[in-house]
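Q: Please see the structure below; I have some questions.
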Amino acid sequence: MEQRHLGRTGLRVSRIGLGTLTWGRDTDEHDAADLLKTFWEAGGNLVDTADVYGDGEAEYLLGRLMEGLVPRRDLVISTKAGSVPDPDRRFDGSRGHLLAALDASLARLGTEYVDVWHVHAFDPCTPLEETLQALDLAVSSGRARYVGVSNFCGWQLAKAATWQLAAPGTRTRLASTQLEYSLLQRGVEREVLPAALDLGIGLLPSSPLGRGVLTGKYRTSTPPDSRAASEHLAPFVAPYLDDTASRIVDAVQTAADGLAVTPLQVALAWIRDRPGVTAPVIGARNAQQLTAALSVEALSLPDEICRALDDVSAPVHRYPDHDWSTL
(Lines give C-alpha, C1' and ligand atoms only; values in the text may rest on other atoms or scores of the structure.)
Protein backbone atom coordinates (compact mmCIF):
# COMPACT_ATOMS: atom_id res chain seq x y z
CA MET A 1 0.00 0.00 0.00
CA GLU A 2 1.23 3.46 -0.87
CA GLN A 3 2.30 5.64 2.05
CA ARG A 4 1.98 9.37 2.60
CA HIS A 5 3.54 11.87 4.98
CA LEU A 6 1.26 12.84 7.84
CA GLY A 7 0.93 16.57 7.38
CA ARG A 8 4.19 18.47 7.33
CA THR A 9 6.08 15.79 9.29
CA GLY A 10 8.47 12.96 8.51
CA LEU A 11 5.99 10.30 9.67
CA ARG A 12 4.74 8.12 6.82
CA VAL A 13 1.45 6.27 7.10
CA SER A 14 -0.53 4.01 4.79
CA ARG A 15 -3.02 5.97 2.72
CA ILE A 16 -5.85 3.90 4.20
CA GLY A 17 -6.20 3.61 7.98
CA LEU A 18 -7.94 0.92 10.03
CA GLY A 19 -10.53 2.13 12.55
CA THR A 20 -11.47 0.28 15.75
CA LEU A 21 -14.67 2.05 16.85
CA THR A 22 -16.57 -1.23 17.28
CA TRP A 23 -13.73 -3.33 18.73
CA GLY A 24 -14.51 -4.83 22.11
CA ARG A 25 -18.23 -4.20 21.60
CA ASP A 26 -19.52 -5.43 18.22
CA THR A 27 -16.17 -6.81 17.00
CA ASP A 28 -14.77 -9.64 19.11
CA GLU A 29 -11.14 -10.68 19.46
CA HIS A 30 -11.32 -13.27 16.67
CA ASP A 31 -12.70 -10.81 14.11
CA ALA A 32 -10.34 -8.07 15.30
CA ALA A 33 -7.38 -10.40 14.80
CA ASP A 34 -8.51 -11.18 11.25
CA LEU A 35 -8.94 -7.49 10.51
CA LEU A 36 -5.54 -6.48 11.85
CA LYS A 37 -3.72 -9.32 10.10
CA THR A 38 -5.47 -8.63 6.78
CA PHE A 39 -4.66 -4.92 7.05
CA TRP A 40 -1.02 -5.51 7.94
CA GLU A 41 -0.47 -8.08 5.21
CA ALA A 42 -1.86 -5.61 2.68
CA GLY A 43 0.79 -3.06 3.71
CA GLY A 44 -1.38 -0.98 6.02
CA ASN A 45 0.16 0.48 9.16
CA LEU A 46 -2.11 3.26 10.49
CA VAL A 47 -4.47 1.91 13.18
CA ASP A 48 -6.82 4.43 14.81
CA THR A 49 -8.49 3.99 18.18
CA ALA A 50 -9.61 6.04 21.21
CA ASP A 51 -9.78 5.63 24.96
CA VAL A 52 -13.60 5.60 24.87
CA TYR A 53 -14.05 3.01 22.11
CA GLY A 54 -15.72 0.07 23.81
CA ASP A 55 -15.08 1.82 27.14
CA GLY A 56 -11.38 1.11 26.70
CA GLU A 57 -11.81 -2.42 25.35
CA ALA A 58 -10.71 -1.41 21.83
CA GLU A 59 -7.30 -0.28 23.10
CA TYR A 60 -6.98 -3.32 25.32
CA LEU A 61 -7.81 -5.65 22.45
CA LEU A 62 -5.37 -3.92 20.11
CA GLY A 63 -2.67 -4.21 22.75
CA ARG A 64 -3.26 -7.95 23.11
CA LEU A 65 -3.06 -8.46 19.35
CA MET A 66 0.22 -6.57 19.16
CA GLU A 67 1.76 -9.02 21.62
CA GLY A 68 1.81 -11.95 19.24
CA LEU A 69 0.08 -11.19 15.96
CA VAL A 70 1.60 -8.02 14.47
CA PRO A 71 4.92 -6.47 15.56
CA ARG A 72 4.50 -3.14 17.34
CA ARG A 73 7.23 -1.60 15.18
CA ASP A 74 5.16 -2.24 12.04
CA LEU A 75 2.19 -0.19 13.22
CA VAL A 76 1.46 3.51 13.57
CA ILE A 77 -0.91 3.63 16.53
CA SER A 78 -3.20 6.65 16.77
CA THR A 79 -5.43 7.13 19.80
CA LYS A 80 -7.54 9.93 21.25
CA ALA A 81 -8.40 11.36 24.66
CA GLY A 82 -10.81 13.98 25.95
CA SER A 83 -14.26 12.42 25.65
CA VAL A 84 -15.87 11.73 29.02
CA PRO A 85 -19.10 9.92 30.00
CA ASP A 86 -20.60 12.98 31.66
CA PRO A 87 -23.88 14.39 30.29
CA ASP A 88 -23.03 17.82 31.69
CA ARG A 89 -19.52 17.89 30.23
CA ARG A 90 -18.95 15.69 27.20
CA PHE A 91 -15.33 16.73 26.71
CA ASP A 92 -12.50 17.38 29.15
CA GLY A 93 -9.43 19.01 27.66
CA SER A 94 -7.77 19.81 30.97
CA ARG A 95 -4.10 18.98 31.29
CA GLY A 96 -4.74 16.67 34.24
CA HIS A 97 -7.43 14.63 32.52
CA LEU A 98 -5.60 14.33 29.19
CA LEU A 99 -2.29 13.17 30.66
CA ALA A 100 -3.99 10.70 32.99
CA ALA A 101 -6.00 9.39 30.03
CA LEU A 102 -2.82 8.98 27.99
CA ASP A 103 -1.20 6.94 30.76
CA ALA A 104 -4.28 4.74 30.91
CA SER A 105 -4.23 4.28 27.14
CA LEU A 106 -0.58 3.24 27.20
CA ALA A 107 -1.35 0.68 29.91
CA ARG A 108 -4.22 -0.82 27.92
CA LEU A 109 -2.20 -0.85 24.70
CA GLY A 110 0.79 -2.38 26.42
CA THR A 111 3.20 0.07 24.81
CA GLU A 112 5.51 2.83 26.01
CA TYR A 113 4.35 5.34 23.42
CA VAL A 114 1.68 6.06 20.83
CA ASP A 115 2.70 7.31 17.43
CA VAL A 116 -0.08 9.92 17.15
CA TRP A 117 -2.15 11.27 20.04
CA HIS A 118 -5.26 13.33 19.31
CA VAL A 119 -7.41 15.54 21.50
CA HIS A 120 -10.83 14.03 20.78
CA ALA A 121 -12.75 17.31 20.68
CA PHE A 122 -12.56 20.98 21.60
CA ASP A 123 -13.35 21.73 25.25
CA PRO A 124 -14.85 25.21 25.67
CA CYS A 125 -14.47 24.96 29.47
CA THR A 126 -10.66 24.67 29.38
CA PRO A 127 -8.25 27.34 28.09
CA LEU A 128 -6.89 26.11 24.77
CA GLU A 129 -3.31 26.78 25.82
CA GLU A 130 -3.75 24.36 28.73
CA THR A 131 -4.95 21.63 26.37
CA LEU A 132 -2.04 22.26 24.04
CA GLN A 133 0.44 22.13 26.93
CA ALA A 134 -0.69 18.55 27.54
CA LEU A 135 0.26 17.72 23.95
CA ASP A 136 3.69 19.29 24.43
CA LEU A 137 4.24 17.32 27.65
CA ALA A 138 3.19 14.08 25.98
CA VAL A 139 5.81 14.53 23.27
CA SER A 140 8.59 15.84 25.51
CA SER A 141 8.10 12.89 27.88
CA GLY A 142 8.24 10.37 25.03
CA ARG A 143 4.71 9.12 25.55
CA ALA A 144 3.61 10.38 22.13
CA ARG A 145 5.66 10.87 18.98
CA TYR A 146 3.22 13.18 17.16
CA VAL A 147 0.02 14.98 18.14
CA GLY A 148 -3.13 16.29 16.56
CA VAL A 149 -6.73 17.24 17.20
CA SER A 150 -10.09 15.77 16.31
CA ASN A 151 -13.50 17.35 15.65
CA PHE A 152 -12.14 20.91 15.81
CA CYS A 153 -13.94 23.39 13.56
CA GLY A 154 -12.02 25.76 11.32
CA TRP A 155 -11.29 28.60 13.75
CA GLN A 156 -10.45 26.14 16.55
CA LEU A 157 -7.99 24.25 14.37
CA ALA A 158 -6.38 27.45 13.08
CA LYS A 159 -6.07 28.90 16.58
CA ALA A 160 -4.53 25.72 18.00
CA ALA A 161 -2.06 25.25 15.15
CA THR A 162 -1.05 28.91 15.14
CA TRP A 163 -0.51 28.88 18.91
CA GLN A 164 1.83 25.92 18.56
CA LEU A 165 3.79 27.68 15.83
CA ALA A 166 3.91 31.14 17.43
CA ALA A 167 4.05 30.63 21.20
CA PRO A 168 7.50 30.98 22.80
CA GLY A 169 9.44 27.91 23.84
CA THR A 170 9.51 24.47 22.31
CA ARG A 171 6.02 23.68 21.07
CA THR A 172 4.87 20.63 19.14
CA ARG A 173 3.45 21.26 15.68
CA LEU A 174 0.04 19.68 15.06
CA ALA A 175 0.54 16.82 12.63
CA SER A 176 -3.05 15.87 11.91
CA THR A 177 -6.72 16.49 12.38
CA GLN A 178 -9.49 13.92 12.25
CA LEU A 179 -13.06 14.71 11.20
CA GLU A 180 -15.91 13.08 9.38
CA TYR A 181 -15.56 13.60 5.63
CA SER A 182 -17.21 11.81 2.72
CA LEU A 183 -19.35 12.42 -0.34
CA LEU A 184 -22.28 12.67 2.10
CA GLN A 185 -20.53 15.03 4.52
CA ARG A 186 -18.36 17.70 2.93
CA GLY A 187 -18.70 20.37 5.60
CA VAL A 188 -14.95 20.29 6.33
CA GLU A 189 -14.32 21.87 2.93
CA ARG A 190 -15.74 25.21 4.09
CA GLU A 191 -13.06 26.18 6.62
CA VAL A 192 -11.33 23.17 8.19
CA LEU A 193 -9.71 21.85 5.03
CA PRO A 194 -8.42 25.24 3.84
CA ALA A 195 -6.92 25.81 7.29
CA ALA A 196 -5.32 22.36 7.33
CA LEU A 197 -3.84 22.85 3.85
CA ASP A 198 -2.44 26.26 4.75
CA LEU A 199 -0.93 25.04 8.03
CA GLY A 200 0.44 21.73 6.74
CA ILE A 201 -1.86 19.53 8.83
CA GLY A 202 -2.81 16.12 7.48
CA LEU A 203 -6.51 15.26 7.36
CA LEU A 204 -7.62 11.80 8.51
CA PRO A 205 -11.27 11.45 7.42
CA SER A 206 -13.50 9.31 9.60
CA SER A 207 -16.64 7.63 8.23
CA PRO A 208 -15.30 8.01 4.66
CA LEU A 209 -18.07 5.73 3.37
CA GLY A 210 -20.85 7.89 4.79
CA ARG A 211 -21.37 5.59 7.77
CA GLY A 212 -21.70 2.70 5.32
CA VAL A 213 -24.44 4.30 3.22
CA LEU A 214 -22.15 4.96 0.22
CA THR A 215 -21.63 1.22 -0.27
CA GLY A 216 -25.18 1.12 -1.61
CA LYS A 217 -26.31 -1.49 0.90
CA TYR A 218 -29.32 0.61 1.95
CA ARG A 219 -30.63 1.51 -1.53
CA THR A 220 -33.58 -0.90 -1.38
CA SER A 221 -33.72 -2.20 2.19
CA THR A 222 -31.89 -2.42 5.52
CA PRO A 223 -29.77 -5.59 5.77
CA PRO A 224 -30.41 -7.34 9.11
CA ASP A 225 -26.68 -7.48 9.92
CA SER A 226 -25.99 -3.83 9.10
CA ARG A 227 -25.35 -0.90 11.42
CA ALA A 228 -28.71 0.62 10.54
CA ALA A 229 -30.36 -2.53 11.89
CA SER A 230 -28.41 -2.31 15.14
CA GLU A 231 -30.26 -0.75 18.07
CA HIS A 232 -27.34 1.38 19.26
CA LEU A 233 -25.94 2.27 15.80
CA ALA A 234 -29.18 2.93 13.90
CA PRO A 235 -29.29 6.60 15.05
CA PHE A 236 -25.70 6.95 13.74
CA VAL A 237 -26.72 5.90 10.22
CA ALA A 238 -30.19 7.49 10.06
CA PRO A 239 -29.10 11.05 9.08
CA TYR A 240 -27.72 9.70 5.80
CA LEU A 241 -30.81 7.83 4.68
CA ASP A 242 -32.64 10.86 3.28
CA ASP A 243 -33.45 11.89 -0.31
CA THR A 244 -30.34 14.03 -0.70
CA ALA A 245 -28.12 11.13 0.25
CA SER A 246 -30.05 8.81 -2.06
CA ARG A 247 -29.24 11.01 -5.07
CA ILE A 248 -25.55 10.92 -4.23
CA VAL A 249 -25.58 7.16 -3.67
CA ASP A 250 -27.30 6.70 -7.03
CA ALA A 251 -24.55 8.75 -8.70
CA VAL A 252 -21.89 6.63 -7.02
CA GLN A 253 -23.64 3.48 -8.25
CA THR A 254 -23.76 4.87 -11.79
CA ALA A 255 -20.05 5.64 -11.68
CA ALA A 256 -19.30 2.19 -10.31
CA ASP A 257 -21.31 0.53 -13.08
CA GLY A 258 -19.46 2.53 -15.71
CA LEU A 259 -16.06 1.60 -14.29
CA ALA A 260 -16.99 -2.04 -13.55
CA VAL A 261 -16.09 -1.60 -9.87
CA THR A 262 -18.12 -1.37 -6.66
CA PRO A 263 -19.73 1.73 -5.12
CA LEU A 264 -17.46 1.21 -2.10
CA GLN A 265 -14.38 1.50 -4.30
CA VAL A 266 -15.65 4.63 -6.01
CA ALA A 267 -16.54 6.41 -2.76
CA LEU A 268 -13.28 5.46 -1.06
CA ALA A 269 -11.09 6.38 -4.04
CA TRP A 270 -12.81 9.78 -4.24
CA ILE A 271 -12.12 10.67 -0.60
CA ARG A 272 -8.62 9.14 -0.53
CA ASP A 273 -7.46 11.39 -3.36
CA ARG A 274 -9.04 14.66 -2.21
CA PRO A 275 -6.57 17.54 -1.67
CA GLY A 276 -5.26 17.60 1.89
CA VAL A 277 -6.33 14.05 2.75
CA THR A 278 -3.63 11.81 4.19
CA ALA A 279 -5.59 8.65 4.95
CA PRO A 280 -9.30 7.91 5.32
CA VAL A 281 -9.97 5.65 8.32
CA ILE A 282 -12.30 2.75 7.56
CA GLY A 283 -14.18 0.71 10.14
CA ALA A 284 -14.83 -2.66 8.52
CA ARG A 285 -16.92 -5.19 10.42
CA ASN A 286 -14.98 -8.26 9.20
CA ALA A 287 -11.98 -9.23 7.10
CA GLN A 288 -14.12 -9.74 4.00
CA GLN A 289 -15.36 -6.15 4.14
CA LEU A 290 -11.84 -4.89 4.79
CA THR A 291 -10.42 -6.83 1.83
CA ALA A 292 -13.09 -5.27 -0.39
CA ALA A 293 -12.11 -1.80 0.83
CA LEU A 294 -8.37 -2.39 0.43
CA SER A 295 -8.90 -3.40 -3.20
CA VAL A 296 -9.26 0.33 -3.93
CA GLU A 297 -5.45 0.60 -3.88
CA ALA A 298 -5.25 0.01 -7.64
CA LEU A 299 -8.11 2.37 -8.53
CA SER A 300 -7.80 6.02 -9.52
CA LEU A 301 -10.99 7.72 -10.64
CA PRO A 302 -11.02 9.45 -14.05
CA ASP A 303 -11.25 13.23 -13.85
CA GLU A 304 -14.70 13.32 -15.42
CA ILE A 305 -16.05 10.92 -12.78
CA CYS A 306 -14.55 13.03 -10.00
CA ARG A 307 -16.14 16.17 -11.44
CA ALA A 308 -19.53 14.49 -11.71
CA LEU A 309 -19.37 13.28 -8.10
CA ASP A 310 -18.18 16.71 -6.98
CA ASP A 311 -21.17 18.34 -8.66
CA VAL A 312 -23.84 16.01 -7.31
CA SER A 313 -22.52 16.20 -3.73
CA ALA A 314 -21.36 19.83 -3.68
CA PRO A 315 -22.01 21.58 -0.35
CA VAL A 316 -23.38 25.12 -0.31
CA HIS A 317 -20.51 27.61 -0.07
CA ARG A 318 -21.56 31.21 0.28
CA TYR A 319 -20.15 34.36 1.79
CA PRO A 320 -17.81 34.45 3.63
CA ASP A 321 -16.60 30.88 3.12
CA HIS A 322 -15.13 31.67 -0.30
CA ASP A 323 -13.46 34.67 -1.90
CA TRP A 324 -16.14 37.39 -1.70
CA SER A 325 -15.11 38.82 -5.08
CA THR A 326 -16.37 35.70 -6.85
CA LEU A 327 -19.84 35.83 -5.27
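The values are calculated or read from the model by the stated rules, or taken from the named source; none is laboratory data. Keep in mind the model is a prediction, meaning the values are calculated, not measured. Note that we place each Cβ from the backbone using ideal geometry, even for glycine, and neighbour counts take in every protein chain shown. Only protein heavy atoms, including side chains, enter the accessible area calculation; ligands, DNA and RNA are left aside. Shrake-Rupley method; radii C 1.70, N 1.55, O 1.52, S 1.80 Å.
Q: Failed condition for Gly96, given (1) open to solvent by less than 50 Å² (accessible area, probe 1.4 Å); (2) without any contact (Cβ under 8 Å) to a residue 40 or more places away in the chain, with all others met?
A: With (1) open to solvent by less than 50 Å² (accessible area, probe 1.4 Å); (2) without any contact (Cβ under 8 Å) to a residue 40 or more places away in the chain applied to Gly96, the lone miss is (1).
Q: Another question about this same structure. Which of the residues that make up segment 272-312 are polar (S, T, N, Q) and either open to solvent by 10 Å² or more (accessible area, probe 1.4 Å) or touching a Ser or Thr at 6+ places or on another chain (Cβ under 6 Å) (or both)?
A: Asn286, Gln288, Gln289, Thr291, Ser295, Ser300
Q: Now, a different point. Out of Ser83, Ser78, I need the residue that is under 23 Å from Leu179 (Cβ atoms), open to solvent by 10 Å² or more (accessible area, probe 1.4 Å) and of a type outside the set (Val, Ile, Thr). Which one?
A: Ser83
Q: Now a separate question. Within the set of pairs 6 or more residues apart or between chains, which connect a residue that is at positive phi inside segment 258-279 to a residue that is modelled with pLDDT of 95 or more with Cβ atoms less than 7 Å apart?
A: These pairs meet every condition: Gly276/Leu193; Gly276/Ala196; Gly276/Leu197; Gly276/Leu203.
Q: Here's something else I'd like to know. Taking the options Arg4, Arg25, name whichever one is surrounded by fewer than 24 Cβ atoms within 10 Å (Cβ to Cβ), part of a strand (DSSP E or B) and not polar (S, T, N, Q).
A: Arg4
Q: All but one of (1) buried (at least 19 other Cβ atoms within 10 Å of the Cβ); (2) farther than 25 Å from Leu264 by Cβ; (3) of a type in the set (Asp, Glu) hold for Asp48; state the number of the condition that does not hold.
A: (2)
Q: Would you check if Arg72 is buried (at least 18 other Cβ atoms within 10 Å of the Cβ) and basic (Lys, Arg)?
A: No: the conditions fail for Arg72.
Q: Something else now. So Leu35 ticks every box in (1) open to solvent by 20 Å² or more (accessible area, probe 1.4 Å); (2) of a type in the set (A, V, I, L, M, F, W, C); (3) more than 17 Å from Leu204 (Cβ to Cβ) but one. Which box is left unticked?
A: With respect to (1) open to solvent by 20 Å² or more (accessible area, probe 1.4 Å); (2) of a type in the set (A, V, I, L, M, F, W, C); (3) more than 17 Å from Leu204 (Cβ to Cβ), Leu35 is out only on (1).
Q: Let me ask you something else. So Ser226 clears everything in (1) surrounded by 17 or more Cβ atoms within 10 Å (Cβ to Cβ); (2) at pLDDT 95 or above; (3) polar (S, T, N, Q) except one condition, right? Which one?
A: Condition not satisfied by Ser226: (2).
Q: Determine the pairs where a residue that is of a type in the set (Lys, Arg), located within segment 28-51, has a partner that is surrounded by 23 or more Cβ atoms within 10 Å (Cβ to Cβ) with Cβ atoms under 8 Å apart, the partner being 6 or more residues away or on another chain.
A: none
Q: Which of the helices (runs of 4 or more DSSP H) contained wholly in segment 36-152 include at least 1 residues that are at pLDDT below 95 and more than 19 Å from the chain's Cα centre (by Cα)?
A: Per the criteria, 57-68.
Q: Being open to solvent by 10 Å² or more (accessible area, probe 1.4 Å), in contact with a Cys (Cβ under 8 Å, 6 or more places away or on another chain), touching a residue at least 12 places away in the same chain (Cβ under 8 Å) and part of a loop (DSSP other than H, G, I, E, B), is that true of even one residue in segment 165-172?
A: no
Q: Taking Leu135 as the residue in question, decide whether it is in contact with a strand residue (DSSP E or B) (Cβ under 6 Å, 6 or more places away or on another chain), open to solvent by less than 20 Å² (accessible area, probe 1.4 Å) and not charged (D, E, K, R).
A: When the stated conditions are applied, Leu135 passes them.
Q: Please enumerate the residues belonging to segment 140-155 that are open to solvent by 30 Å² or more (accessible area, probe 1.4 Å) and within 20 Å of Gly169 (Cβ to Cβ).
A: Ser140, Ser141, Gly142, Arg143, Arg145, Tyr146
Q: Looking at Ser182, Ser176 in this structure, which one is under 12 Å from the mean Cα position of the chain (by Cα), open to solvent by less than 30 Å² (accessible area, probe 1.4 Å) and more than 29 Å from Thr262 (Cα to Cα)?
A: So the residue among Ser182, Ser176 that is under 12 Å from the mean Cα position of the chain (by Cα), open to solvent by less than 30 Å² (accessible area, probe 1.4 Å) and more than 29 Å from Thr262 (Cα to Cα) is Ser176.
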